[in-house]
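Below is one structure; the comments refer to it alone.
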Amino acid sequence: MTIREAIRAGESQLAAAGIDTARLDAELLLGHLLDLPHLELWLRQSEALTQAQAAKFERLLDRRAAREPLQHITGWTSFLRLDLHVTRDVLVPRPETEILAQLAIEHLKLRPPPLSALDWGTGSGCLALALARGVPTAEIVAIDASPDALRIARANATAHRLADHLHFLAGRGWEALRTANPARALPSRFDLIVSNPPYIPTAEIETLSPEVRDHDPRLALDGGPDGLNCFRELATTAASWLKSDGRMLLEFGDGQAPALQDLFRENGWGINAVEKDLSGRERILIVDPPRS
Ligand SMILES: C[S@@+](CC[C@H](N)C(=O)[O-])C[C@H]1O[C@@H](n2cnc3c(N)ncnc32)[C@H](O)[C@@H]1O
């Protein structure tokens with residue numbers, strides 16, 4: 001079987017399993033297996049696979065056809081040109097979160113040094129690493145309730161030689177930071193807080209695609225009955241961890257913008273902006289802390 005034939009067969013199998021990106025996924029899986037970049041795969045379409053390669057490709061296709069996320073099968077994803085290791089212990093970073101990262105970098109760069117930022121619910125570490133690379137002088141703290149997720153985030157930081165700029169802390173909410181300070185002398189107030197918290201209403205999780213519903217960690221998805229539990233926690237507690245002229249940037253779900261703006265206003269925050277994602281949906285809330 002040639003590379004061209006293998007991709008065609010893979011495309012049909014994945015399309016039959018209901019995968020919209022069947023062709024691309026078949027190409028990416030074969031590229032991963034053969035360790036060939038996309039263009040090289042295309043240039044070598046007429047070359048034959050060995051029997052062992054064909055058998056391995058079948059196994060990868062079977063996993064993808066069972067709706068395991070492509071990124072879990074390859075173990076990798078890309079976030080703002082950072083290659084990140086991902087497993088089922090972390091949410092696979094989404095393209096819309098790249099916008100959040102870019103905005104956070106821009107906001108942080110505008111401020112006078114010394115700079116510090118906190119990533120609340122870091123998962124794979126995507127936001128924290130993007131901040132550490134984008135603003136190398138900043139001290140970045142990343143927290144997560146899942147010690148398993150933090151293991152992945154730490155490994156990603158080490159792989160990108162960013163570990164010196166980052167502190168990873170395990171614990172729910174601010175508990176992680178409260179426990180770590182003062183022994184580790186971390187900032188007690190940050191220039192910027194960034195978060196992509198779990199924001200899916202609990203009952204909606206069952207309606208999501210199998211890739212998300214069955215493979216992303218529940219802790220990364222479940223935002224409580226209306227999806228807003230973590231935002232309530234942040235609206236009522238985050239100000240005491242933010243400098244008085246600091247800023248908080250939050251990713252949120254479809255249709256949550258009005259309720260979130262009300263929530264933050266009621267708690268004294270100023271609404272700085274609501275930014276859209278690439279599909280034009282309101283996706284990011286930027287807020288200024290209450291004036292004391
Ligand atoms: C939607 S994921 C975002 C992960 C990553 N920041 C990203 O954008 O891909 C939310 C993360 O928050 C963590 N988390 C959920 N509840 C938390 C809590 N109460 N305190 C700290 N982290 C929490 C989850 O473990 C998960 O890693």
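The values are calculated or read from the model by the stated rules, or taken from the named source; none is laboratory data. The structure displayed is predicted, hence computed values, not measured ones. Counting neighbours? That spans all protein chains shown, and the Cβs are built from the backbone with ideal geometry, glycine included.
Just a few scattered comments:
- Among residues of region 139-164 that are of a type in the set (Ser, Thr, Tyr), those with a Cβ under 6 angstrom from a residue that is within 12 Å of the ligand (Cβ to nearest atom), sequence gap 6+ or separate chain, pair up as Ser146/Leu219.
- A single entry from Val92, Val141 fulfils the requirement of being of a type in the set (A, V, I, L, M, F, W, C), within 13 Å of the ligand (Cβ to nearest atom) and in a loop (DSSP other than H, G, I, E, B): Val92.
- Which listed residue is crowded, with 21+ Cβ neighbours inside 10 Å and modelled with pLDDT of 95 or more, from Gly268, Gly227, Gly253, Gly280: Gly227
- Search result, residues across region 146-165 that are buried (at least 18 other Cβ atoms within 10 Å of the Cβ) and within 13 Å of the ligand (Cβ to nearest atom): Ser146, Ala149, Leu150, Ile152, Ala153, Asn156
- Every listed requirement among (1) buried (at least 18 other Cβ atoms within 10 Å of the Cβ); (2) within 16 Å of the ligand (Cβ to nearest atom) is met by Arg218 save one, (1).
- Selected residue [at pLDDT below 95 and either surrounded by 14 or more Cβ atoms within 10 Å (Cβ to Cβ) or not assigned by TED's automatic domain parsing to the domain that holds Arg111 (or both)] from Leu186, Leu260: Leu186
- Summed over region 175-212, residues that are in a helix (DSSP H, G or I) and within 15 Å of the ligand (Cβ to nearest atom) total 11.
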